[in-house]
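First up is the structure itself, then whatever we jot down about it.
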Amino acid sequence: MDIEIQAASNDDKPVLRHLLELCQHDYSEYNGDEVNEHGLFGYRYLDHYWSEQGRYPLLIRVSGRLAGFVLVRRLDSSDANGTHSVAEFFILRKYRRQGIGQAVAQRVFDRFPGTWRVHQEASNLPAQAFWRTVISRYTGGKFREVREAGWNGPIQEFSRESSP
């Protein structure tokens, strides 16, 4: 199985917008979001991924077929590598439970050295289990899980300082 992660161009924005709708449909089970009067969830930060530094929209392909996306944000630039966050992570259902999500997450971590903070909502237990497993395997168990004011759920923190 050939997994490719590519930077999404401005021309890819409509594709990413459609995939975000599927993602938000899945997440609405956990966060209670509703569609608007046009039947869409919308994603207010999408345009920021092409207009602000430190935002990275990535498309995922499996054997040449669109399979999902990752949105990465740089949260802090106070050190050489900065602190990154997985803002959104989505694998189409037909590609789940095949190790694709784990492979993609590890490649994304490798692509952006520095500190990572990965947030999950308290009600999204499947996401929590996924990220704990992926991050534990990636770091050899060298991560910490925290909670903080303003976020309702766990956050895993770890560092990836140099190229593998």
Alpha carbon centroid spacing (whole Å) that separates segment 106-123 from segment 1-73: 16
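Using r as the Cβ-Cβ distance of Ala7 and Arg44, and R0 as 22 Å, what FRET efficiency do you calculate, to the nearest 0.05? Before the final figure, lay out the partial values.
Values: r = 21 Å, r/R0 = 0.97.
E(calc), rounded to 0.05, equals 0.55.
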Would you please give the FRET efficiency between Arg107 and Glu37, computed as 1/(1 + (r/R0)^6) with r the Cβ-Cβ distance and R0 = 41 Å, to the nearest 0.05? 0.60
Cβ neighbours within 10 Å, averaged per peptide: list 108-118, 140-150 in order, most packed at the top. 108-118, 140-150
Any helix of the chain counts here only if DSSP assigns it H throughout, its Cα atoms span 15 Å or more along the axis, and its mean Kyte-Doolittle hydropathy is at least 0.0, and such helices are 125-139
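Please state the equivalent ellipsoid semi-axes for segment 4-67: what are the square roots of 5 times the Cα gyration tensor eigenvalues, largest first, in whole Å?
22, 16, 10
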Per the Kirkwood formula on distinct C-alpha pairs, the Rh of the chain is how many angstrom? 16.5
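All of the numbers you see were taken from the coordinates with simple rules; none came from a lab. Since the model is a prediction, treat every value here as computed from it, not as a measurement. FYI the Cβ positions are ideal-geometry reconstructions off the backbone, even for glycines, and counts take in every protein chain you see.
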